[in-house]
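Below is one structure; the comments refer to it alone.
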Amino acid sequence: MASFAVTERSWKALLQQYGLFVSFLALCLLLSLATDRFLRTENLLNVLRQASINGIIAVGMMLVILTRGIDLSVGAVLALACVIAGDAVRQGWPSLIAIVLCLALGGSMGLVSGTLVTRLNIPPFIATLGMMTIARGLALSYTQGQPVTGFPADFRWLGAGTLLGIPVPIFIVSGIFLLGYVLLELTPLGRHVFAYGDNPSAAHYSGLSTRQIVLFVYVLSGALSALAGLILVGRLNSAAPTTAEGYEFDAIAAVVVGGTSFDGGQGTMWGTILGVLLIAVLNNGMNLLNVPSEFQTVVKGAVIALALLFYKAIR
Amino acid sequence: MNTTPLLHMSAISKSFPGVKALDRVDFTVQPGEIMALLGENGAGKSTLMRILDGVFTPDSGQIFWRGQPVQIRSPQDAKNLGISMIHQELALVPYLDVAKNIYLGREPAGLLPGTIDWTTLYEQAHQQLARLDLDVDPRTPVRDLPLAQQQMVEVAKALSLSAQLIVMDEPTSSLSNAEVAVLFRTMRALKEQGVSIVFISHRLNEIFAIADRVTVLRDGSLVGSEPLQGMTADALIRMMVGRELGETNQRPAGEDVQSQRQPILEVRNLSRAGILHDINFTLYEGEILGVAGLVGAGRTELAETIFSVHPPTQGDILLRGQKLRLRRPADAIRAGIALVTEDRKGQGLFLRMEVGANISVRILHQLARFGLIRWRDSQHLAQEYVDKLGVRTPSVRQKVRNLSGGNQQKVVIAKWLTLKPQVLILDEPTRGIDVGAKGEIHRLMRELASQGVGILMISSELPEVLGVSDRVLVMRGGRVVAEMNPRLATQDDIMRAATGAKTS
Ligand SMILES: Nc1ncnc2c1ncn2[C@@H]1O[C@H](COP(=O)(O)OP(=O)(O)OP(=O)(O)O)[C@@H](O)[C@H]1O
Ligand SMILES: [Mg+2]
């Protein structure tokens, strides 16, 4: 009986460490057997390009969820920041300035959400739902429902450019993952994000700047959404006010599948990276297999539910 | 005695990664008996009781209930047998009110199926509270109660189960004498009715006062079970730690500390509406100032006001003669004030984080170079404090929630010591800490004081207040009602001041 208890424990540890990785490999294997297009370089690059947009958003989302919050506004923030910046660049603003403007807009919208959460004690779900509606509405009225199109090449470079034959977005997302990892694991601020999420009251009593911590994660989430938007808009050469609808869903899915807990304070960047890849491959696979789009949401919903059950069982 | 024991746990073993928590432990409780369970922090007391409650499954061993072998797989199984448990770390739902907590999952049924008879619920809750002399509105959310009252609500909950065996894991660690007296009265009444009780406490005087027999654990092994009749405290300690303990009185022989030293913290006319009234005192450099009083006397509130968790409505706090303007704990910490809170689970610890991360969380900035934390240094620092305070853990990478209660308390203290504060406020610093480690912590306090730190120590344990402090304040009803010299005062003097009884 003693040995049984030991094996049970190490099974859990193994599952916790490698369960996600193995599921990811299994999914890839399945898809490469089911369709011969999956393993083509062209397709794999496409998966990575898709993953890069969701990956950048997911890093911000992860930090928000680590503080027991959620950010539903990422898609709408992306759209509003991009239509304004896109319009600016079309009216002759230098691309670099427009890019900075875009990131600043995203960050400011995050600042508003964060302020609602920290100062007015509005639950994150409601605060960011409000921000989502407002940003989407502003984007629609700013453009009068028309997409903004036709950007100079340097503005599009982030999304459409290549470096050494590899799409620029892949470099960007790798950089963001790396910075996210360093931030979370190696800086005081990152450790305080974990501490706050683990026990907000103890964080307050320990004299951590709890408000700044929470504000920071929402600002970061907004700015990263805008950055993801620059990639999306660059690739499409168009910024529609309705763009990125539902992106919050994929980002939350990736973070949750990656093992970050809604109870706050628990999660790893490595898990989020795998979660992003898994969701990207899942999306891609369902497209390759011609799964109808309504049904794709059902599958993703089921995957999230399964992941939550899985983590509940092994924690 | 020839009766079948109510409970017999036989050769129970349990291991966690890196820890052998229990090694073939036998434990027996007779009907109508109060059995004390004693041992150092991490000896395995709570683990043994959690096995009895079905929270943990033992690696090996057998449990007999009234002579019959039983399998206890969940707390529900334990409840069905007639076992009721008061856990060391309170397990109340903070947002629910007192009555709902007491009857959680056992709400009296209403007229329609699936409904709850709220009137009966609140009436019964009221009766349970009255039985414990607890002056609390059953509609108060539990999180609004001070820790001691939450503890009493746990007791009420356990009593309401009409169990055959009640396990109390350190129910008195946050109670003062008055509440302990009420609890003991209740325990004796239960014993009269034939109920058995397992009582865990690190306060030996309590064990002598209430228990019939004692079972001692050391490092996960059974040392022995003995009747308390004729047993001495020294003999108990020897069983517990396997050696004699040195002198525990830590006060230096010197005379009045105040006369020679500088004031470090001055509190002037401090009030908080309805809670604190016109509080005045001075804490001197190198002084340990004890604060005694009953639960609800405003001691924790005083500490939290100085630490600026709550703003005072009136009055000033001066640090080395400078008026402080503080708005939140972060400001107080910057000024050099630290507060070891009473409620370690709620306000002290990051339970799911590692021991090392908990200890170093306050000073990560000092451990960083170019903005990046030097992990090696932070682990070394944590290890240093783990050694200094004798935290029992397989490594600094262990999650804090896997430590025993007393060892968690040491982690909280360590976190605050890393800050090297000028004023250290300790609210029940040795809550749940074993006799030996308590002496260590007192020695540490004395050492800090000798380096000039001013220490304000709130404690419900009168021997601790009298044994460690240079001077004692007694609070009652949000006021400081007396100041005493612990060399001359007795426990009775303090109790009289704390309760407001006329001096005889
Ligand atoms: N869930 C767990 N995971 C790993 N180790 C654990 C776990 N629970 C307890 N332990 C370890 O088992 C040992 C016994 O712990 P236990 O809580 O039973 O001690 P205790 O006698 O109740 O001490 P205290 O007086 O401090 O409450 C300790 O070394 C503790 O660290
Ligand atoms: Mg314990």
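Conditions (1) of a type outside the set (Asp, Glu); (2) more than 16 Å from ligand 2 (Cβ to nearest atom), marked per residue:
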{"residue": "B:ASP133", "(1), (2)": "no, yes"}
{"residue": "B:LEU147", "(1), (2)": "yes, yes"}
{"residue": "B:ALA181", "(1), (2)": "yes, yes"}
{"residue": "B:GLY194", "(1), (2)": "yes, yes"}
{"residue": "B:ASN205", "(1), (2)": "yes, yes"}
{"residue": "B:ILE210", "(1), (2)": "yes, yes"}
{"residue": "B:VAL216", "(1), (2)": "yes, no"}
{"residue": "B:PRO227", "(1), (2)": "yes, yes"}
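Taking the criterion of being basic (Lys, Arg), at pLDDT below 90 and surrounded by 21 or more Cβ atoms within 10 Å (Cβ to Cβ), would at least one residue in the stretch B:363-381 satisfy it?
no
Hey, could you check the stretch B:448-504 for residues that are out of contact with any Asp or Glu (no Cβ under 7 Å at 6 or more places or on another chain) and on the phi > 0 side of the Ramachandran plot and say which is most open to solvent (accessible area, probe 1.4 Å)?
B:GLY477
May I ask you to verify whether A:GLY60 is at pLDDT 95 or above and away from every other protein chain (no Cβ under 14 Å)? Even if it seems obvious, please write down each step before you answer.
Values: at pLDDT 95 or above: yes; away from every other protein chain (no Cβ under 14 Å): yes.
Judged against the criteria, A:GLY60 is a match.
Kindly evaluate B:VAL396 against the criterion of being within 11 Å of ligand 1 (Cβ to nearest atom) and either touching a strand residue (DSSP E or B) at 6+ places or on another chain (Cβ under 8 Å) or β-branched (Val, Ile, Thr) (or both).
Answer is no for this residue.
Restricting the first residue to the stretch B:316-340 and requiring it to be in a strand (DSSP E or B), which pairs with a second residue that is open to solvent by 90 Å² or more (accessible area, probe 1.4 Å) meet a Cβ separation below 6 Å and a spacing of at least six or different chains?
Matching pairs, first to second residue: B:ASP316/B:LYS323.
Name the single residue that is farthest from the other protein chains (Cβ to nearest Cβ) among those in the stretch B:364-397 being under 22 Å from the mean Cα position of the chain (by Cα) and outside any helix (DSSP H, G or I).
B:GLY390
If you take the residues in the stretch A:45-98 that are within 21 Å of the chain's Cα centre (by Cα) and not in a helix (DSSP H, G or I), which one is surrounded by the fewest Cβ atoms within 10 Å (Cβ to Cβ)?
A:ARG68
So which of B:ALA78, B:ALA99, B:ALA91 ends up being surrounded by 12 or more Cβ atoms within 10 Å (Cβ to Cβ), within 16 Å of ligand 2 (Cβ to nearest atom) and in the same structural domain as B:LEU190 (by TED's automatic domain parsing)? It would help to see each step written out before you state the result.
Working: B:ALA78 fails: within 16 Å of ligand 2 (Cβ to nearest atom); B:ALA99 fails: within 16 Å of ligand 2 (Cβ to nearest atom).
Result of the check over B:ALA78, B:ALA99, B:ALA91: B:ALA91.
Can you name the condition, by its number, that B:ILE237 falls short on among (1) modelled with pLDDT under 90; (2) assigned by TED's automatic domain parsing to the domain that holds B:THR172; (3) open to solvent by 40 Å² or more (accessible area, probe 1.4 Å)?
(3)
Working carefully through the options A:THR272, A:THR242, find the one that is away from every other protein chain (no Cβ under 14 Å) and outside any helix (DSSP H, G or I).
Answer to the selection: A:THR242.
Considering only the stretch B:297-312, I want to know if a residue exists there that is more than 14 Å from chain A (Cβ to nearest Cβ), open to solvent by 40 Å² or more (accessible area, probe 1.4 Å) and at pLDDT below 90.
There is at least one residue in the stretch B:297-312 that is more than 14 Å from chain A (Cβ to nearest Cβ), open to solvent by 40 Å² or more (accessible area, probe 1.4 Å) and at pLDDT below 90.
Would you mind stating whether B:LEU6 is out of contact with any Asp or Glu (no Cβ under 6 Å at 6 or more places or on another chain) and within 14 Å of ligand 2 (Cβ to nearest atom)?
Taking the combined requirement at face value, the residue does not satisfy it.
One line per residue, one yes/no per condition, for (1) open to solvent by less than 30 Å² (accessible area, probe 1.4 Å); (2) over 30 Å from B:LEU419 (Cβ atoms):
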position	(1), (2)
A:GLY161	yes, yes
A:SER174	no, yes
A:VAL182	no, no
A:GLY190	yes, no
A:ALA202	yes, no
A:ASN237	no, yes
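Within the group B:ILE12, B:ILE86, which residue is out of contact with any Cys (no Cβ under 7 Å at 6 or more places or on another chain), within 14 Å of chain A (Cβ to nearest Cβ), within 16 Å of ligand 2 (Cβ to nearest atom) and open to solvent by less than 60 Å² (accessible area, probe 1.4 Å)?
Working: B:ILE86 fails: within 14 Å of chain A (Cβ to nearest Cβ).
Residue meeting the stated conditions: B:ILE12.
Return the residue satisfying two criteria in turn: it lies in the stretch B:400-420 and is within 9 Å of ligand 1 (Cβ to nearest atom), within 14 Å of chain A (Cβ to nearest Cβ) and open to solvent by 20 Å² or more (accessible area, probe 1.4 Å), and of such residues it is farthest from B:LEU38 (Cα to Cα).
B:ARG401
Look through the stretch B:336-363, keep the residues that are of a type in the set (Asp, Glu) and more than 10 Å from chain A (Cβ to nearest Cβ), and return whichever of them is nearest to the chain's Cα centre (by Cα).
First, the residues of the stretch B:336-363 that are of a type in the set (Asp, Glu): B:342-343, B:354.
Okay, now just the ones that are also more than 10 Å from chain A (Cβ to nearest Cβ), so B:342, B:354.
Numbers: B:GLU342: 7, B:GLU354: 21 Å.
Checked the stretch B:336-363; the qualifying residue nearest to the chain's Cα centre (by Cα) is B:GLU342.
Condition (residue is surrounded by fewer than 23 Cβ atoms within 10 Å (Cβ to Cβ), under 29 Å from B:ALA178 (Cα atoms) and within 13 Å of chain A (Cβ to nearest Cβ)) applied to the stretch B:322-335: is it met by at least one residue?
Scanning the stretch B:322-335 turns up no residue that is surrounded by fewer than 23 Cβ atoms within 10 Å (Cβ to Cβ), under 29 Å from B:ALA178 (Cα atoms) and within 13 Å of chain A (Cβ to nearest Cβ).
Give me a count of the residues in the stretch B:24-64 that are farther than 18 Å from B:SER404 by Cα and near ligand 2 (Cβ under 9 Å from one of its atoms).
Of the residues in that region, 0 qualify.
The values are calculated or read from the model by the stated rules, or taken from the named source; none is laboratory data. Model, not experiment: these values are computed from the prediction. With ideal geometry, Cβ positions are generated from the backbone for all residues, glycine too; neighbour counts draw on all protein chains shown. Remember, those area values only see protein heavy atoms, side chains included, never the ligands or the DNA or RNA. Shrake-Rupley method; radii C 1.70, N 1.55, O 1.52, S 1.80 Å.
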